[in-house]
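Engineer: Just passing along the structure, written as structure tokens.
The values are calculated or read from the model by the stated rules, or taken from the named source; none is laboratory data. None of these values were measured; they are calculated from a predicted model. Positions of Cβ are generated from backbone atoms using ideal geometry, with glycine treated the same way; all protein chains shown enter the neighbour counts.
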Amino acid sequence: MKTLFIDTNIIIDLIAQREPHYQSIAKIATLAKSKKLRMIATPLSFVNTFYVLSKHMDKKKLSGILTRLRIICDVAPTNANTVDKALASGFNDFEDAVQYHSALAVKSDIFITRNKKDFKKTEIPVMTAAEFLISINKK
């Protein structure tokens, strides 16, 4: 089973149903729900998603949505080693560096993000949700 690391922007797109990204990530979430793949994110993604979307949504409703997402999305441990690697990585965006090194630590197969340009030199494939769906449909 493939492990997909899900970037914060992907979670926000899913919950806020932002097009044109929503349909692709909703399909990935459905695959995770049916145990055809594993989704994983950092605690930081859940925190940042709540922070961003609580400005536009009822907090109790948002908490319920994140609770349901948590059932199908594992949480990657983020620790001092992850932070140290992120700081030394040379990424322009520190949050992206933490996310990426968390993905490496849990041996993710693919990193799913909307901002591929921020992940230039990587050890694992970086794809959009739509690109991932195309890649599995080719098989």
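Engineer: Could you check the stretch 10-28 and list, in sequence order, the residues that are crowded, with 18+ Cβ neighbours inside 10 Å and either modelled with pLDDT of 95 or more or of a type in the set (A, V, I, L, M, F, W, C) (or both)? Spell out how you get there, then give the answer.
Structural biologist: Filtering the stretch 10-28 for residues crowded, with 18+ Cβ neighbours inside 10 Å gives 10-15, 21, 24-25, 28.
Hits for the stretch 10-28 are I10, I11, I12, D13, L14, I15, S24, I25, I28.
Engineer: A further question follows. Looking at D109, D58, D84 in this structure, which one is at pLDDT 95 or above, surrounded by fewer than 18 Cβ atoms within 10 Å (Cβ to Cβ) and under 25 Å from L133 (Cβ atoms)?
Structural biologist: Numbers: D58 fails: under 25 Å from L133 (Cβ atoms); D84 fails: under 25 Å from L133 (Cβ atoms).
After ruling out the rest, the residue left standing is D109.
Engineer: Quick one: T78 ticks every box in (1) modelled with pLDDT under 95; (2) surrounded by fewer than 11 Cβ atoms within 10 Å (Cβ to Cβ) bar one, so which box is it?
Structural biologist: So T78 meets the others, but not (2).
Engineer: Select from the stretch 87-100 the residues that are in a helix (DSSP H, G or I) and either among the β-branched types (V, I, T) or loosely packed, with under 13 Cβ neighbours inside 10 Å (or both) and list them in ascending order.
Structural biologist: If we filter the stretch 87-100 for residues that are in a helix (DSSP H, G or I), which is where we start, we get 87-88, 94-100.
The answer is A88, F94, V98.
Engineer: For the stretch 108-139, enumerate the residues that are more than 14 Å from the chain's Cα centre (by Cα) and of a type in the set (K, R).
Structural biologist: Residues satisfying the conditions are K117, K120, K121, K138, K139.
Engineer: Mind telling me which of the residues D93, D74, D84, D109 ends up being touching a residue at least 24 places away in the same chain (Cβ under 8 Å) and more than 27 Å from M1 (Cβ to Cβ)? Break it down into steps so the answer makes sense when it comes.
Structural biologist: On the way: D74 fails: more than 27 Å from M1 (Cβ to Cβ); D84 fails: touching a residue at least 24 places away in the same chain (Cβ under 8 Å); D109 fails: more than 27 Å from M1 (Cβ to Cβ).
After ruling out the rest, the residue left standing is D93.
Engineer: Then there's this: When you check L62 against the structure, is it within 15 Å of the chain's Cα centre (by Cα), in a helix (DSSP H, G or I) and within 24 Å of K27 (Cβ to Cβ), yes or no? I'd like the intermediate steps shown before the answer.
Structural biologist: Working: within 15 Å of the chain's Cα centre (by Cα): no; in a helix (DSSP H, G or I): yes; within 24 Å of K27 (Cβ to Cβ): yes.
Answer is no for this residue.
Engineer: If a residue must be within 21 Å of P125 (Cα to Cα), of a type in the set (K, R) and not in a helix (DSSP H, G or I), how many such residues does the stretch 1-34 contain?
Structural biologist: Residues that pass the stated criteria total 1.
Engineer: Checking G64 against (1) touching a helix residue (DSSP H, G or I) at 6+ places or on another chain (Cβ under 9 Å); (2) under 26 Å from A16 (Cα atoms); (3) free of Cβ contacts under 8 Å to residues at least 60 places away in the same chain, only one condition comes out false. Which one?
Structural biologist: The number of the failed condition is (1).
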